[in-house]
Amino acid sequence: MSKFAQLMGVDRHQLLKNITEMDFQPVGQKNGGHLYRLKDLVKAYVGSDEKAERTRKTRAEALKIELANSVRQGELIEVKEISRIVMGFCAGIRAKILASPLPPHVSDSILRDLKSLGERDFKN
């Protein structure tokens with residue numbers, strides 16, 4: 001089993017755990033270690049990949065549910081919604097600045113800064 005684990009590049013202890021979980025019985029002993037059929041070793045090796053895939057899928061499903069709950073509870077908001085809110089906010093401020101008695105060089109500077117905020121990519 002150790003040589004098989006080394007050849008396949010897997011942890012020997014994980015392979016043994018899979019063999020135990022799959023209830024494969026040794027067919028003999030050599031140098032104090034158990035000997036297993038090659039087909040059982042392969043099944044235990046492949047089983048570890050299947051188990052990892054199931055774990056990954058379960059985690060992804062849990063994350064999807066968690067995100068949906070966060071959106072429903074108002075803890076998360078979509079990027080396009082944030083962009084819409086910011087654009088509305090910027091439009092209101094722009095109107096106030098244009099209607100204010102500020103000197104043109106001051107209002108132009110503020111409007112340039114405001115424009116750069118409105119053009120910001122909120123995905124990054």
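Observations
- Cα centre as origin, Lys/Arg/Asp/Glu Cβ charges: segment 79-118 dipole, Debye: 120
- Equivalent-ellipsoid semi-axes of segment 79-118, from the Cα gyration tensor, Å, largest first: 22, 10, 4
- When +1 charges are put on Lys and Arg Cβ atoms and -1 charges on Asp and Glu Cβ atoms, the dipole computed for the chain relative to its Cα centre reaches about 260 debye.
- For the pair segment 1-46 and segment 75-124, the centres of their Cα atoms are 64 angstrom apart.
- With a simple spin-label model that places each label point 7 Å from the Cα along the Cα-to-Cβ direction, the separation between Ala95 and Lys39 comes to 7.8 nm.
- Averaged over residues, the count of other Cβ atoms within 10 Å places the peptides 68-75, 36-43 in the sequence 36-43, 68-75, highest first.
- Segments 13-19, 25-31 sorted - mean Cβ within 10 Å per residue, highest first: 13-19, 25-31
- In whole percents, the pair-distance distribution calculated for the chain from its alpha-carbon pairs, binned every 5 Å from zero, is 2, 9, 12, 10, 7, 6, 6, 5, 6, 6, 6, 5, 5, 5, 4, 3, 2, 1, 0.
- Residue-span extension gain [Glu50 to Leu63] - 0.36 nm each, minus C-alpha spacing: 2.7 nm
- Helical contribution to [θ] at 222 nm, DSSP H n ≥ 4, -39,500 (n - 2.57), averaged over the chain, rounded to 500: -24000 deg cm²/dmol
Every number here is computed from the coordinates shown, using simple stated rules; none is lab data. This is a predicted model, so every value here is computed, not measured. Here Cβ is always computed from backbone atoms with ideal geometry, including for glycine, and neighbour counts include all displayed protein chains.
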